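First comes the structure, then the notes that go with it.
The values are calculated or read from the model by the stated rules, or taken from the named source; none is laboratory data. Bear in mind the structure is a predicted one, so any value in this text is a computation, not a measurement. Glycine gets a Cβ as well: all are built from the backbone with ideal geometry, and neighbour counts include every protein chain shown.
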Amino acid sequence: MAAVSRRHFLQGTSAAAASLLLTGTRASGKVDGANDRVRIAVAGLNGRGKAHLGGWLGQDNVEVAYVIDPDQRVLDGTMKSLAARADGKLTTKPESDIRRVLEDPTVDAISIAAPNHWHSLMTIWGAQAGKHVYVEKPMSHDVVEGRVAVEAQKKYGVVVQHGTQRRSDAKIAGLHEAIKAGKFGRLKISYGYCCKPRGGIGFKSPSDPPEHLDWTLWKGPAQIDQYHGNYVHYNWHWFWETGNGDLNNQGTHQLDVARWALDDDQTHPVRAMAIGGRFQWDDQGETPNTMFALAEYPNGQYVFFNVRNVNYDDYERQVENEYYFEDGGKIVRGLYYPPGSKKGEKVSVEPGDVTPGGNWGSFIAAVRANDPSMANGDVYDAHYGCVLGHLMNNSYRLGEQVPFNEKAGRFGDNADAREHFLKLHEIMEDGVGVPEDGAEYTVGPTLTFDPETERHVGEHASEANTLLKDPNNAEFQVPDAADV
Ligand SMILES: NC(=O)C1=CN([C@@H]2O[C@H](COP(=O)(O)OP(=O)(O)OC[C@H]3O[C@@H](n4cnc5c(N)ncnc54)[C@H](OP(=O)(O)O)[C@@H]3O)[C@@H](O)[C@H]2O)C=CC1
Ligand SMILES: O=C1CO[C@H](CO)[C@@H](O)[C@@H]1O
């Protein structure tokens, strides 16, 4: 099927019925059989994987060939619910190890909703096996494996689409096209927030993994000394071996949107720093629940970011993006405030260029067209957006303890950074009630990064470079970029 433009690709196709009933007989690599049927395998079923199943089964002529999970109970439960929808004609097969699925030449694509530490390796293996890949955010758990995933996509030419579904939103695309065209003046700061209330996770003692869980497959590439019940399910987000904190969890969406608004030629930042802490919760989690972070790009544009998870009376939920312009204008909650004005005007822009069909439909369209450029959130968008968060997290991880005080924010002559950090500090002090006496911020150093080599340079480079790559278990090594 020939590639056509994103905007027009799906025009004329019908909305679709679920297709659990079909079987495939094709050879791998191309979708070329009768009716362009796409056979997809979903890895990771407990949470987000359910949305993947619903998404794929909502597309015309898409078959879920396999469901994959190392937890037998989760696998059994998923098969049961699929069987109930398939009226006795279920063709989906259960599997615990994705490597067996990748050997099946009739599978066209994999869809990854496993924990973060698995995302890049599954993407790389998928590409090597000639499968198209839909991978949940963040595509990478560290900087280096993200680059390897990029190289694998380049080498094998498969479609890789990132689970940042805002990339399928023509309104956001249109807004960013208008910003880049200078409609509001020059963008100075692209600001993302992931402020949603959460609670602590308590402490779970080391124990044997449950019998229904294949712990070796769950860990995969992540080196973890000892199982405890806070890894499985979901709370692995709050441990560095497996998760990336809320900055590169929920925050990946808003980091990606923030970076998307910058000039198109900006890849990685040259400087990044973060300040924050894990306040109030006395628990086992390692990642911060509070963070102010910033990154400066080679052209002088900034991304600011704010994580604020601790709940308090009158909690202000903010899962959103804001845009600040050189002339003092800003866009906040869909309203444009001209310089000096307190009155917001509704922003009106044309829809932007995305592959139609939403996040699920656009991926299937890209797969049918065998055209990686049709992915809404391709492998490059994924890599650059994730690295932005990794660099901020790495600064935090190298931070020193400093008394909880507004003076802890060390931003040199960056008045914007100071102003926005102070807003967070006031909430933590007055709203949450973090005491000046006794509490501490973790204050990260400003790390310098070379976008070409994807290595840190200058002060703190040696410690920071150790955080660019996680150690892997022998059976699950992420290959070198040159060896994909
Ligand atoms: N785009 C979006 O809006 C959203 C994206 N996500 C992303 O989805 C991912 C999953 O999150 P969530 O579902 O909340 O987490 P959960 O912990 O609830 O589910 C993860 C699932 O992956 C399974 N798993 C672990 N290892 C493997 C493996 N080797 N092969 C196959 N499956 C495996 C887990 O197994 P087990 O059953 O043993 O735990 C579990 O069923 C995250 O990366 C998250 O960022 C999540 C929510 C929304
Ligand atoms: O992307 C996401 C959306 O929100 C979820 C719940 O907070 C996150 O965990 C998830 O990863």
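Give, as residue ranges, the helices (runs of 4 or more DSSP H) completely inside region 313-431 that count at least 3 residues that are within 18 Å of Ile172 (Cβ to Cβ) and of a type outside the set (Ser, Thr, Tyr). Here the list reads 358-369, 379-397. Within region 52-97, the set of residues being touching a Phe, Trp or Tyr at 6+ places or on another chain (Cβ under 7 Å) and of a type outside the set (D, E, K, R) comprises Gly55, Trp56, Gly58, Gln59, Val62, Val64, Pro70, Thr92. So which residues in region 38-69 are touching a residue at least 60 places away in the same chain (Cβ under 8 Å) and crowded, with 23+ Cβ neighbours inside 10 Å? Passing the criteria: Val38, Arg39, Ile40, Ala41, Val42, Ala43, Gly44, Leu45, His52, Trp56, Gln59, Val62.
For the list (1) away from ligand 1 (no atom under 11 Å from the Cβ); (2) over 22 Å from the mean Cα position of the chain (by Cα); (3) of a type in the set (D, E, K, R), I need the number of the one condition that Asp142 fails. Failed condition: (2).
Quick check, is Ser140 within 25 Å of Asp263 (Cα to Cα), touching a helix residue (DSSP H, G or I) at 6+ places or on another chain (Cβ under 6 Å) and assigned to a loop (DSSP other than H, G, I, E, B)? Steps first, answer last, please.
On the way: within 25 Å of Asp263 (Cα to Cα): yes; touching a helix residue (DSSP H, G or I) at 6+ places or on another chain (Cβ under 6 Å): yes; assigned to a loop (DSSP other than H, G, I, E, B): yes.
So Ser140 fits the description; yes.
Among residues of region 94-132 being away from ligand 1 (no atom under 14 Å from the Cβ) and part of a strand (DSSP E or B), the one that is surrounded by the fewest Cβ atoms within 10 Å (Cβ to Cβ) is Ala109. Pairing each residue of region 191-208 that is among the aliphatic types (A, V, I, L, M) with any residue that is modelled with pLDDT of 95 or more, provided the two are 6+ apart or on different chains, yields C-beta distances under 6 Å for Ile201/Asn230; Ile201/Asn235; Ile201/Asp283; Ile201/Gly285. Of the candidates Val319, Val257, the single residue that is closer than 23 Å to Gly344 by Cβ, among the hydrophobic types (A, V, I, L, M, F, W, C) and surrounded by fewer than 17 Cβ atoms within 10 Å (Cβ to Cβ) is Val319.
Within region 120-139, work out how many residues are over 14 Å from the mean Cα position of the chain (by Cα) and either within 14 Å of ligand 2 (Cβ to nearest atom) or farther than 22 Å from Val38 by Cα (or both).
In the first step, residues of region 120-139 are kept if they are over 14 Å from the mean Cα position of the chain (by Cα); the result is 121-122, 124-133.
Then keep just the ones that are either within 14 Å of ligand 2 (Cβ to nearest atom) or farther than 22 Å from Val38 by Cα (or both); that gives 121.
Total meeting the criteria: 1.
Can you tell me which residue is nearest to ligand 1 (Cβ to nearest atom) among those in region 44-93 that are under 17 Å from Trp360 (Cβ atoms) and touching a Pro at 6+ places or on another chain (Cβ under 9 Å)? Only one residue tops the list, namely Gly44.
Every test in (1) out of contact with any strand residue (DSSP E or B) (no Cβ under 8 Å at 6 or more places or on another chain); (2) within 16 Å of ligand 2 (Cβ to nearest atom); (3) under 30 Å from Phe325 (Cα atoms) is passed by Val143 save one, and that test is (2).
Okay, residues lined up against (1) farther than 23 Å from Leu388 by Cβ; (2) among the charged types (D, E, K, R):
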| residue | (1), (2) |
| --- | --- |
| Thr446 | no, no |
| Asp450 | no, yes |
| Arg455 | no, yes |
| His460 | no, no |
| Glu463 | no, yes |
| Asp470 | no, yes |
| Ala474 | yes, no |
| Gln477 | yes, no |
| Asp480 | yes, yes |
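To keep it simple, each residue is scored yes or no on (1) assigned to a strand (DSSP E or B); (2) outside the structural domain of Pro339 (by TED's automatic domain parsing); (3) over 21 Å from the mean Cα position of the chain (by Cα).
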{"position": "Phe203", "(1), (2), (3)": "no, no, yes"}
{"position": "Asp208", "(1), (2), (3)": "no, no, yes"}
{"position": "Leu217", "(1), (2), (3)": "no, no, yes"}
{"position": "Gly243", "(1), (2), (3)": "no, no, no"}
{"position": "Asp246", "(1), (2), (3)": "no, no, no"}
{"position": "Asp263", "(1), (2), (3)": "no, no, no"}
{"position": "Met273", "(1), (2), (3)": "yes, no, no"}
{"position": "Gln280", "(1), (2), (3)": "no, no, yes"}
{"position": "Gln284", "(1), (2), (3)": "no, no, yes"}
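In region 185-199 there is at least one residue that is away from ligand 2 (no atom under 16 Å from the Cβ), under 30 Å from Tyr297 (Cα atoms), in a strand (DSSP E or B) and β-branched (Val, Ile, Thr). Considering only region 153-162, I want to know if a residue exists there that is surrounded by fewer than 24 Cβ atoms within 10 Å (Cβ to Cβ) and either within 11 Å of ligand 1 (Cβ to nearest atom) or small (Gly, Ala, Ser) (or both). Within region 153-162, one or more residues are surrounded by fewer than 24 Cβ atoms within 10 Å (Cβ to Cβ) and either within 11 Å of ligand 1 (Cβ to nearest atom) or small (Gly, Ala, Ser) (or both).
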